[in-house]
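Here's the structure, in structure tokens; my notes come after.
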Ligand code: BTN
């Protein structure tokens, strides 16, 4: 059971000492921790640092981003509001597991929130929603080359923790403090997220993606419903039947089953279970 309640006497500031204490003793090398008051994008900055030699694992976070990146070229509004703008540099999983990484991170965030008494739904491929289907956070995973020419993954996580920040084009947002009924200590949250993501990654590397697959399906939004899939070019529609062995969505369309590796899903106006 996690308790991320922010103590009344504690200022809501990012602190490396608290994060370091949280991740101590988990096995493996201790993560380097980089915190910024203001940065353009924690993902961009971490990729630059990795290219100039910083080795994983690294935890990077900022109080505020001036050019936060969202998926599909969108901006991630990153107000100075007690929220999480977090990037983790980790070794790259084997290429066949890479498509599972955003799904794994979603599962890990949901598990941390559940352990604190809340719940999150996962919207394929990498949105985190509350049970009223309001977006609470998003995930942006990018590959990066590290100093020794090895490849790393930069896992970016934007999470409304203590305030509901609206992102452009987004619908009404939610936040963790509403879900859990209290303000959260972001440092302890970062520690728990790092530990859970690392543990899930180790398990996936050793045992394959089946555990993430099952855990994602247990929290997946709109399974069995009619959805629209927005693609780079055009869109398609059908019943969202699940994921395949590569983390792609399986959609039963009028032309038969199709699988999509990228895109965005939304519920069709005439949605309901079945065809
Ligand atoms: C999405 O579009 O839903 C994904 C948003 C990811 C935002 C996070 S905030 C921390 C990290 N740094 C960035 O510039 N983006 C990610």
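For the chain, a Gaussian network of Cα nodes joined below 10 Å ranks 159, 231, 176 by mean-square fluctuation, and the top entry is 231.
For segment 1-111, the Cα-based Rg and Dmax, in that order, read 15.1, 47 Å. With the simple model of a label 7 Å out from the Cα in the direction of the Cβ, residue 195 to residue 259 spans 3.6 nm.
Helical content alone sets the calculated 222 nm signal of the chain at -7500 deg cm²/dmol, taking -39,500 (n - 2.57) per DSSP H segment of four or more residues and averaging over every residue. Note on residue 20/residue 52: beta-carbon distance plugged into 1/(1 + (r/R0)^6) with R0 of 25 Å gives a FRET efficiency of 0.65.
Taking 0.36 nm per residue of separation and subtracting the current Cα-Cα distance, fully stretching the chain between residue 115 and residue 164 would add 15.5 nm.
When the chain is treated as a GNM with alpha-carbon contacts under 10 Å, the residue of 257, 63, 111 showing the greatest mean-square fluctuation is 257. Principal axis analysis of the Cα atoms in the chain yields extents of 55, 43, 34 Å, listed in decreasing size.
I'd like the per residue volume of the convex hull spanned by the Cα atoms of segment 51-177, given in cubic angstrom. If you can, show how the numbers build up before the last one.
Working: hull volume 14.1 nm³, N = 127.
So the per-residue Cα hull volume is 111 Å³.
Among 256, 118, 211, the residue with the largest mean-square fluctuation in a Gaussian network model of the chain, with springs joining Cα atoms closer than 10 Å, is 256.
Please arrange 258, 69 by counting, for each residue, the other beta carbons lying within 10 Å of its beta carbon, fewest first. Write down the numbers at each step before the final one.
Numbers: 258 14, 69 19.
Going from least to most buried by this count: 258, 69.
The separation of segment 178-251 from segment 1-57, counted between C-alpha centres, amounts to 23 Å. Label-to-label distance for residue 132 and residue 98 is 3.9 nm, based on points extended 7 Å past Cα in the beta-carbon direction. Distance between the modelled labels on residue 80 and residue 172, one decimal in nanometres: 2.9 nm (7 Å Cα→Cβ projection).
Throughout, read-outs are computed from the coordinates displayed, never taken from laboratory work. Being a predicted model, the structure only gives us computed values, none of them experimental. Neighbour counts are summed over all protein chains in view; Cβ atoms, including those assigned to glycine, are modelled from backbone coordinates with ideal geometry.
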